[in-house]
Amino acid sequence: MHDEHNTERSEDTAPPDETAPPLDDGRPAEGAGADRSEADDEQPADGAGTDRSEADDGRPADGTGADRSEADDEQPADGTGTDRSKADDIDRLQRERDEYYERLLRTTADFDNYRKRTDRERRELAEHAALALLTDLLLLVDDFERALAADTQDVDVDRRGVEIIYKQLLDLLAARGVAPIEALGADFDPNLHQAVAHEPSEAHRDGEVIEELRRGYTLRDRLLRASMVKVAKA
């Protein structure tokens, strides 16, 4: 009896039709959601996911993006930074050129003024020295005029007057550093003497000055005029 009842219950419950489509209740089939989640969380071994992530960020995987960024920060792509640096160097060199040129002009002007000033001072000094000498010479001229104006028949008096004036002239020259060269009886010196004749003489040694034709003078150990002499020849 129990067997009949179980058989009827089994006949009432029909087995599911395997050919019918599965019911869509909004949930994925068993195991499909887990597989998809694991696929999203896992990354392929060949780095495709990493490359895709870097590509999404705009930076290539080989690091060229970082190098390009640093290059962009250091120098503009159009080269304006280099041009600006060159322009600054040119401006600096031009300023230095102008500064050196102005300095050269000032130095040249200063040297020209110095040369003119020294020439003027030299002329003034020479004129002052000549003025003092000429003033002293005029005093001797006055003495000569008085000697010539004197009405005397005494030759000795005239001679003494001329000798006094001559001595005054020598004193004037000595005060200016002018001294006569003592040539007579000295050995011929081409630095002080000018030989105009040679005369054989047994009474004099060879090269001795035996006659002075014109007296020479020195100015403070400097030759002012050479003595014109005659030299003995043995």
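Regarding region 174-182, can at least one residue be identified that is part of a loop (DSSP other than H, G, I, E, B), modelled with pLDDT of 90 or more and under 15 Å from residue 215 (Cα atoms)?
yes
Could you list all residues from region 213-234 that are within 16 Å of residue 184 (Cβ to Cβ) and loosely packed, with under 14 Cβ neighbours inside 10 Å?
Residues satisfying the conditions are 213, 214.
In this structure, is residue 126 free of Cβ contacts under 8 Å to residues at least 40 places away in the same chain, more than 23 Å from the chain's Cα centre (by Cα) and assigned to a helix (DSSP H, G or I)? Step through it out loud before you land on a result.
Working: free of Cβ contacts under 8 Å to residues at least 40 places away in the same chain: yes; more than 23 Å from the chain's Cα centre (by Cα): yes; assigned to a helix (DSSP H, G or I): yes.
For residue 126, the condition - free of Cβ contacts under 8 Å to residues at least 40 places away in the same chain, more than 23 Å from the chain's Cα centre (by Cα) and assigned to a helix (DSSP H, G or I) - is met.
For region 186-224, which residues satisfy the criterion of being part of a strand (DSSP E or B) and polar (S, T, N, Q)? Please lay out each step first, then the result.
Applying the first criterion (part of a strand (DSSP E or B)) to region 186-224 yields 187, 193-200, 208-214, 217-219, 222-224.
If the condition is that a residue be part of a strand (DSSP E or B) and polar (S, T, N, Q), then 194, 218 are the ones that fit.
Any residue at all in region 142-165 that's free of Cβ contacts under 8 Å to residues at least 40 places away in the same chain, closer than 30 Å to residue 126 by Cβ, in contact with a helix residue (DSSP H, G or I) (Cβ under 7 Å, 6 or more places away or on another chain) and of a type in the set (D, E, K, R)?
So in region 142-165, the residues free of Cβ contacts under 8 Å to residues at least 40 places away in the same chain come out as 142-165.
Next cut, closer than 30 Å to residue 126 by Cβ only: 142-145, 165.
With the extra rule that they be in contact with a helix residue (DSSP H, G or I) (Cβ under 7 Å, 6 or more places away or on another chain), the set shrinks to 143-144, 165.
Applying the additional criterion that residues be of a type in the set (D, E, K, R) yields 143.
Yes - at least one qualifying residue is present in region 142-165.
Can you go through 150, 87, 183, 109 and tell me which one is in contact with a Gly (Cβ under 9 Å, 6 or more places away or on another chain) and farther than 30 Å from residue 224 by Cα? Can you show your working first?
On the way: 87 fails: in contact with a Gly (Cβ under 9 Å, 6 or more places away or on another chain); 183 fails: farther than 30 Å from residue 224 by Cα; 109 fails: in contact with a Gly (Cβ under 9 Å, 6 or more places away or on another chain).
150 is the lone residue from the list that is in contact with a Gly (Cβ under 9 Å, 6 or more places away or on another chain) and farther than 30 Å from residue 224 by Cα.
As an exercise: evaluate residue 210 against (1) surrounded by 14 or more Cβ atoms within 10 Å (Cβ to Cβ); (2) over 30 Å from residue 137 (Cβ atoms); (3) under 60 Å from the mean Cα position of the chain (by Cα) and give the number of the one condition it does not meet.
(3)
I need a count of the residues in region 141-162 that are of a type outside the set (Val, Ile, Thr), in a helix (DSSP H, G or I) and over 21 Å from residue 176 (Cβ atoms).
We begin by selecting, within region 141-162, every residue of a type outside the set (Val, Ile, Thr); these are 142-151, 153-154, 156, 158-161.
Adding the requirement that they be in a helix (DSSP H, G or I) leaves 142-149, 156, 158-161.
So of that shortlist, the ones also over 21 Å from residue 176 (Cβ atoms) come out as 145-149, 156, 158-161.
Qualifying residue count, region 141-162: 10.
Touching a residue at least 40 places away in the same chain (Cβ under 8 Å), part of a helix (DSSP H, G or I) and in the same structural domain as residue 162 (by TED's automatic domain parsing): which single residue out of 138, 133, 93, 105 fits that description? Break it down into steps so the answer makes sense when it comes.
Details: 138 fails: touching a residue at least 40 places away in the same chain (Cβ under 8 Å); 93 fails: touching a residue at least 40 places away in the same chain (Cβ under 8 Å); 105 fails: touching a residue at least 40 places away in the same chain (Cβ under 8 Å).
Selected residue: 133, the only one of 138, 133, 93, 105 that is touching a residue at least 40 places away in the same chain (Cβ under 8 Å), part of a helix (DSSP H, G or I) and in the same structural domain as residue 162 (by TED's automatic domain parsing).
The values are calculated or read from the model by the stated rules, or taken from the named source; none is laboratory data. Note that the structure is predicted; figures quoted are calculated from it, not measured. Note that each Cβ is placed from the backbone with ideal geometry, even for glycine, and that neighbours are counted across all protein chains shown.
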